[in-house]
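Since the structure comes first, as structure tokens, the remarks are kept for the end.
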Amino acid sequence: MDVIEAMNTCTAMRYFTDEPVPREVLQQLVHAATRASNPGNSQGWAFLVIDDPAIKAPVGEKVLEGMQPFFSARPPGRDGVEERMLQGAEHLARNFAQVPAWIVGMARNVYPPHDPQESFMHSTIYPAAQNLIVAARSLGIGTCFTTFPGYAQPQIRALCNVPQDLHMFVYIAVGYPARPFKPVRRKPVDEVLTWNRF
Ligand SMILES: Cc1cc2nc3c(=O)[nH]c(=O)nc-3n(C[C@H](O)[C@H](O)[C@H](O)COP(=O)(O)O)c2cc1C
């Protein structure tokens, strides 16, 4: 698939089939992530793939525990689109353990070498994560960026022996889509583009 088409239809996928994503494919996605630009080519990133049910189940329980207050108190979405998004987000959180694989995007505080700044960890992991989701879309695989598994960060650290110097930023759900990809809905480019001067 053409990369522009992949970007145009790379909607967040929150519903997956049970079909496992082969490890070679998951590795291919991480390969795509690591082709991204990054500060000074420091490549301070690391990717943890969680596809083991014995890890996903306890992490999923903790995620649900953390999200429960939000689920029970959340106001309805402002419109149908937002309501569907919130319902999808809840579905994903409630079904954490059923998602075929989670890829955790992490980074080390290593740039610049003489005076490392935390902000460069974000600059490192987010372009890589975006590469990953676009590559996945091109292969017909759905993904969803999430932050809510942060509730289970201590469990993930413990169960997966994550080294202390790795900071976890983004948790990407990965699986074969159970719903169709759609064109992404974004502001018209004219609203956000300025030529030379505001
Ligand atoms: C940093 C980041 C965090 C996100 N966190 C969540 C999340 O916790 N749960 C979720 O369902 N979607 C999450 N998303 C996905 C966005 O909600 C989604 O991309 C946005 O609503 C636009 O929808 P679309 O990508 O399907 O066009 C996140 C996206 C980003 C970039």
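The values are calculated or read from the model by the stated rules, or taken from the named source; none is laboratory data. Quick caveat, the model's predicted, so the values are computed rather than measured. All Cβ positions, glycine included, derive from the backbone under ideal geometry; neighbour counts span all protein chains shown. In case anyone asks, the SASA skips ligands and DNA or RNA and just uses the protein heavy atoms, side chains included. Shrake-Rupley method; radii C 1.70, N 1.55, O 1.52, S 1.80 Å.
A few notes on this one:
- Residues K187, K56, K62 ordered from highest to lowest accessible area at a 1.4 Å probe: K187, K62, K56.
- Electrostatic dipole magnitude of the range 59-198 [Cβ: Lys, Arg +1; Asp, Glu -1; Cα centre; debye, to 20]: 400 debye
- Tail weight of P(r) past 32 Å, computed on alpha-carbon pairs of the chain, percent: 19 percent
- Using a cutoff of 8 angstrom between alpha carbon atoms and counting only pairs six or more residues apart, the relative contact order for the chain works out to 38 percent.
- The translational diffusion coefficient of the range 1-54, from Stokes-Einstein at 25 °C and 0.890 mPa s with a Kirkwood hydrodynamic radius over alpha carbon pairs, comes to 176 µm²/s.
- Measuring between their Cα centroids, the range 1-51 and the range 63-95 lie 25 Å from each other.
- Carbon and sulfur %, accessible surface of the chain computed with the full protein complex present, 1.4 Å: 54 percent
- Solvent-accessible surface of the chain, averaged per residue with a 1.4 angstrom probe and all protein chains in place: 57 square angstrom.
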